[in-house]
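Asker: This is the structure, below, for whatever I ask next.
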Amino acid sequence: MVDSEKKGNIAKVTDEKTGSEASVQKPNIIEFPPALSVRQLSDLLNISPVEVIKRLMRSGIMANINQVVDFKTAATVATDFGYEARLKHRLTGKGGRANETKKQQRAHQVEQTSGLVPRPPVVTIMGHVDHGKTKLLDAIRKSNVVDSEAGGITQHIGAYQVEVNGQKITFLDTPGHEAFTAMRARGAQVTDITILVVAADDGVMPQTLEAIDHARAAGVPIVVAINKIDKVGANPDRVKQQLAEAGLVVEEWGGDTVSVPVSAKEKRGITDLLENLMVVAELEELKADPSKPAEGTVIEAEMDRTKGALFTVLVSSGTLKEGDTIVVGENWGRVKAMFNDAGKRVKKATPSTPVEVLGLSNVPQVGDVMTVVVDEKAALAVIERRRQEAEKEAAISRTVSLSNVYDQISAGKVKELSIILKADVQGSIEPIKTSLERLSSDEVKVRVIHSNTGNVNESDVMLAIASKAVIIGFNTGAEPGAKSSAEREGVSIRFYNIIYNMIDDVNKALKGMLAPIFVEVIDGHAEVRAVFTVGKKEKVGGVFVTEGKVTKSSSARVLRGGQKIHESTVSSLRRFKEDVREATTGYECGVAVAGFSDFQVGDVLEFFRNEKSG
Ligand code: GDP
């Protein structure tokens, strides 16, 4: 993200009089061309682009890293950093773009004609429980709402915008990395920057580490808000130290992570935080073309008893207007009315703006994509295409498991095996992580994207879906909710208590040599109501399917008084003397079980299948 790499020796700094070493009293002379980009300016001054952008912002200039500033502006910045700027006269090149390469000039031309303009950043807040996420969202909202009439007191939708130095920032009001990753798991990534809240009196905690990994897995830059600095036990330096241990080195310590001390309670440091968000946003160069038909993502949806289906959309590009024909997921309709975050009716919504929309007859799903189309015919065509794509996707495996990773590598679908590692104690994590990552080869890289102590939880499962990762537990278990959502979503979790076995399995999986795990899936149950003899001595149970189904390929277990007395496969399945493939609940049929001829009325047949898993 923030490029703070110092490129030494680029600045041509000489002391005018002596021509040698710079004196302390006199400013160093530095030569600038008539115009130069922020990156060039920071290179010449040998300071990070973040510092340059911050300095420009203080003078009311919002610039991104590639933006070109004129000599006068550059000279003012230089003065602040102890230099005296002189104009460098060039023999070649013209005007402000003199220093740009052909490629940069082309990029500028494309930008000018394509209608791309900067858009507000979309920001999410994450952090450990009770570190002040909600309080901070509140403090930001109250300090700086765009719509002053609303006073920032009542917020109507799950996102809001604030203004800093005339620029807007959009905040999503669902704090926490769980919500963030759940959106990603549904295929929607709307966040541009994440604020990591760390309480200064409590320091980095397990969910702080989780949040860091979730943001990293999504490639979203992190701005740290060191909160609760008003508290007696607050120790921001200790937080910085702990963050460094987690791989986030703050700027003051030579890293590229922006950190801001705040107190959500006393509303201190909020403007500073917002300004820093703008700096990071500038570096991200977030752009969209407001002249195009709108696209967006649903961030919340509900059925209102009086208004009908309502949903909040965050416009990602283009401008959404009243009357537009929209397709949302597999629904379509027309925008009847739109309301902004203050509940005020608006006629249009530009990129990064959240609005509540009325106009669909069905409630869409969070994460659905909204697209503006020309008319009903186009809407129906888009829906048909989406259905076909959804069917195609359902047919292929969405998730990666140790059993299928080799096939996915061979098919070129996977170049990296992402692993989420949970262990009982911290001490086990590093050695396991190193051993796993050492299995990387030219074909596939093994990467532990998140590791932590404790049971596998639901946010691990969400992260696994969003990042197509497998979960490995060492000497640990899974929380019940996590287990069931992993089963539902097809996420692979494997547990080990011997490191060697774990490494061996992952190694075999990468080579396609891992024997799959089979799990038993119960198809259904039936009750024997009569016994028939077929041919010489084959016995068939005349059964009634009480639950689920029986298929010709099922395995069967005969239970008498709750005890298993036989287990093999279904050898024939008939209805009215006809062979059938399956019989479902409420039907009667004749079942023969291989190697069994001792049916009694009242026996229960349990039908099951063994399926590949993990
Ligand atoms: P969340 O779980 O991260 O959303 O945390 P909350 O926003 O609910 O805050 C947890 C507790 O910390 C609440 O009692 C807040 O009032 C308190 N709190 C939040 N920010 C600050 C702060 O800056 N200073 C102090 N002293 N307390 C705070």
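The values are calculated or read from the model by the stated rules, or taken from the named source; none is laboratory data. If you're wondering where the values come from, they're calculated on a predicted model, not measured in any experiment. Here Cβ is always computed from backbone atoms with ideal geometry, including for glycine, and neighbour counts include all displayed protein chains. These area figures cover heavy atoms from the full protein model, side chains too; ligands, DNA and RNA do not enter into them. Shrake-Rupley method; radii C 1.70, N 1.55, O 1.52, S 1.80 Å.
Asker: So is Val591 over 27 Å from Arg488 (Cβ atoms), β-branched (Val, Ile, Thr) and touching a Ser or Thr at 6+ places or on another chain (Cβ under 8 Å) or not? Steps first, answer last, please.
Answerer: On the way: over 27 Å from Arg488 (Cβ atoms): yes; β-branched (Val, Ile, Thr): yes; touching a Ser or Thr at 6+ places or on another chain (Cβ under 8 Å): yes.
When the stated conditions are applied, Val591 passes them.
Asker: On to the next question. Of the numbered conditions (1) open to solvent by 40 Å² or more (accessible area, probe 1.4 Å); (2) assigned by TED's automatic domain parsing to the domain that holds Gln167, Glu282 satisfies every one except a single condition; which is it?
Answerer: Only one criterion is unmet by Glu282, namely (1).
Asker: Out of (1) out of contact with any strand residue (DSSP E or B) (no Cβ under 8 Å at 6 or more places or on another chain); (2) in a helix (DSSP H, G or I), what's the single condition that is false for Ser441?
Answerer: Status for Ser441: all satisfied but (2).
Asker: Any idea which of Ala301, Ala342, Ala309 is in contact with a helix residue (DSSP H, G or I) (Cβ under 6 Å, 6 or more places away or on another chain) and either closer than 17 Å to Ile157 by Cα or not in a loop (DSSP other than H, G, I, E, B) (or both)? Before you say what the answer is, go through the steps one by one.
Answerer: On the way: Ala301 fails: in contact with a helix residue (DSSP H, G or I) (Cβ under 6 Å, 6 or more places away or on another chain); Ala309 fails: in contact with a helix residue (DSSP H, G or I) (Cβ under 6 Å, 6 or more places away or on another chain).
Going through Ala301, Ala342, Ala309 in turn, just one is in contact with a helix residue (DSSP H, G or I) (Cβ under 6 Å, 6 or more places away or on another chain) and either closer than 17 Å to Ile157 by Cα or not in a loop (DSSP other than H, G, I, E, B) (or both): Ala342.
Asker: I would also like to ask the following. Among the strands (runs of 3 or more DSSP E) lying completely within the range 156-253, list those that include at least 3 residues that are within 16 Å of the ligand (Cβ to nearest atom).
Answerer: Working: elements: 159-164, 167-172, 193-199, 222-227.
Strands (runs of 3 or more DSSP E) meeting the threshold: 193-199, 222-227.
Asker: Tally time: how many residues in the range 480-514 are open to solvent by 20 Å² or more (accessible area, probe 1.4 Å) and touching an Asp or Glu at 6+ places or on another chain (Cβ under 7 Å)?
Answerer: Going through the range 480-514 one residue at a time, the tally reaches 2.
Asker: Out of the residues in the range 131-154 that are part of a loop (DSSP other than H, G, I, E, B) and either among the aliphatic types (A, V, I, L, M) or within 15 Å of the ligand (Cβ to nearest atom) (or both), state the one that is modelled with the lowest pLDDT. Spell out how you get there, then give the answer.
Answerer: Within the range 131-154, the first condition is being part of a loop (DSSP other than H, G, I, E, B), and the residues that meet it are 131-132, 146-147, 151-154.
Now narrow it down to the ones that are either among the aliphatic types (A, V, I, L, M) or within 15 Å of the ligand (Cβ to nearest atom) (or both): 131-132, 146, 153.
Working: His131: 97, Gly132: 96, Val146: 51, Ile153: 45.
In this case the residue turns out to be Ile153.
Asker: Name the one entry in Arg529, Arg560, Arg574, Arg581 that is open to solvent by 30 Å² or more (accessible area, probe 1.4 Å), in contact (Cβ under 8 Å) with a residue 60 or more places away in the chain and more than 30 Å from Leu436 (Cβ to Cβ). So that I can check it myself, show each step before the final result.
Answerer: On the way: Arg560 fails: in contact (Cβ under 8 Å) with a residue 60 or more places away in the chain; Arg574 fails: in contact (Cβ under 8 Å) with a residue 60 or more places away in the chain; Arg581 fails: in contact (Cβ under 8 Å) with a residue 60 or more places away in the chain.
After applying the criteria, what remains is Arg529.
Asker: I need the full set of residues from the range 254-298 which are away from the ligand (no atom under 16 Å from the Cβ), among the acidic types (Asp, Glu) and not in a loop (DSSP other than H, G, I, E, B), in order please.
Answerer: Glu275, Glu282, Glu284, Glu295
Asker: Oh, and also: Provide a single number: the residues in the range 367-380 that are under 30 Å from the mean Cα position of the chain (by Cα) and open to solvent by 60 Å² or more (accessible area, probe 1.4 Å).
Answerer: Kept after step one, since they are under 30 Å from the mean Cα position of the chain (by Cα), are these residues of the range 367-380: 367-373, 379-380.
Applying the additional criterion that residues be open to solvent by 60 Å² or more (accessible area, probe 1.4 Å) yields 369, 380.
Of the residues in the range 367-380, 2 are under 30 Å from the mean Cα position of the chain (by Cα) and open to solvent by 60 Å² or more (accessible area, probe 1.4 Å).
Asker: When only residues in the range 285-305 that are at pLDDT below 90 and acidic (Asp, Glu) count, which is most open to solvent (accessible area, probe 1.4 Å)?
Answerer: That would be Glu285.
Asker: Within the range 524-589, which strands (runs of 3 or more DSSP E) (wholly inside it) include 3 or more residues that are of a type outside the set (Val, Ile, Thr)? Talk me through it step by step, then tell me what you get.
Answerer: Values: elements: 538-551, 555-560, 563-575, 582-584.
Hits in the range 524-589: 538-551, 555-560, 563-575.
Asker: Let me spell it out: the conditions are (1) open to solvent by 20 Å² or more (accessible area, probe 1.4 Å); (2) on the phi < 0 side of the Ramachandran plot, and Gly255 meets all of them except one. Which number is the exception?
Answerer: So Gly255 meets the others, but not (1).
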